[in-house]
Protein chains: 2
Amino acid sequence: MTQNYQAQIYVTLRPSVLDPAGTAVKSGLSHMGYNNVEQIRIGKYVELTIAADSEDAARQQLDQICDQLLANPVIENYRFDLQKLSTPLNVGS
Amino acid sequence: MTQNYQAQIYVTLRPSVLDPAGTAVKSGLSHMGYNNVEQIRIGKYVELTIAADSEDAARQQLDQICDQLLANPVIENYRFDLQKLSTPLNVGS
């Protein structure tokens, strides 16, 4: 039976990759007087619901979706959390 | 004594605000054959370290930083997690 899952996906730059947006935010914070902030890294946060036959199937599809569309595997890592939804979801309607 | 805290900040669009990037990702996934994904919302994920005298002080500063720089309170919500770091951090060096 198809179940619906809620996913939270975190896409982050690999540690070896420069983060110009993070550097810009750090510079902005310094100008605003916040000199106590360091190591700023900016990534993406994606929430979605996915319908799948099992949690394993949902995880497998999410891996594919992240690798193919949401993250650039050359410069980004991703991870995700998954929860089963109890309420039905109208997928495809 | 100043402590260092690691923060994970999640910035999301308010539910009433349209998310064209999320709609584009949903459309892309449909073209790739993933028709089982719904309700995609794309936000920002920020990691940083902050030095503060207490966890309350760190939370207060993070609220200010999010309101003033990281999030647009008109269209975005934010939340953050905070952990005390045991290793020292060279802030301002």
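The values are calculated or read from the model by the stated rules, or taken from the named source; none is laboratory data. No experiment lies behind these values; they were computed from the predicted model shown. Cβ: placed from backbone, ideal geometry, glycine included. Neighbour counts: every protein chain shown. Quick note on the areas: whole protein, heavy atoms, side chains included, nothing else; ligands and nucleic acids left out. Shrake-Rupley method; radii C 1.70, N 1.55, O 1.52, S 1.80 Å.
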Estimated FRET transfer efficiency (B:Arg79, B:Asn35; beta-carbon r; R0 30 Å; 0.05): 0.45
Can you give the three extents of the C-alpha atoms in segment B:3-85 along their principal axes, from longest to shortest, in whole Å? 51, 27, 14
Assuming a ≥ b ≥ c are the square roots of the Cα gyration tensor eigenvalues, decide whether the protein assembly as shown counts as rounded (a/c under 1.5), prolate (otherwise, with a/b larger than b/c) or oblate. prolate
At R0 = 45 Å, FRET efficiency that the Cβ-Cβ distance of A:Thr2 and B:Met1 yields, to 0.05: 0.25
By Cβ position, which chain A residue lies least far from the axis that rotates chain A onto chain B, and what is the distance to the nearest whole angstrom? A:Tyr45, 2
Longest principal axis of chain A (C-alpha) makes with the long axis of helix A:55-65 (C-alpha) an angle, in degrees to the nearest 10, of 50 degrees
Accessible area of chain B belonging to carbon and sulfur atoms, whole % at 1.4 Å probe: 50 percent
If the limit is 26 Å between Cα atoms, which of A:Lys44/A:Lys84; A:Lys44/B:Lys26; A:Lys26/B:Lys26; A:Lys84/B:Lys44 go over it? A:Lys26/B:Lys26
222 nm mean residue ellipticity, helices alone, for the protein assembly as shown (DSSP H n ≥ 4; -39,500 (n - 2.57); rounded to 500): -7500 deg cm²/dmol
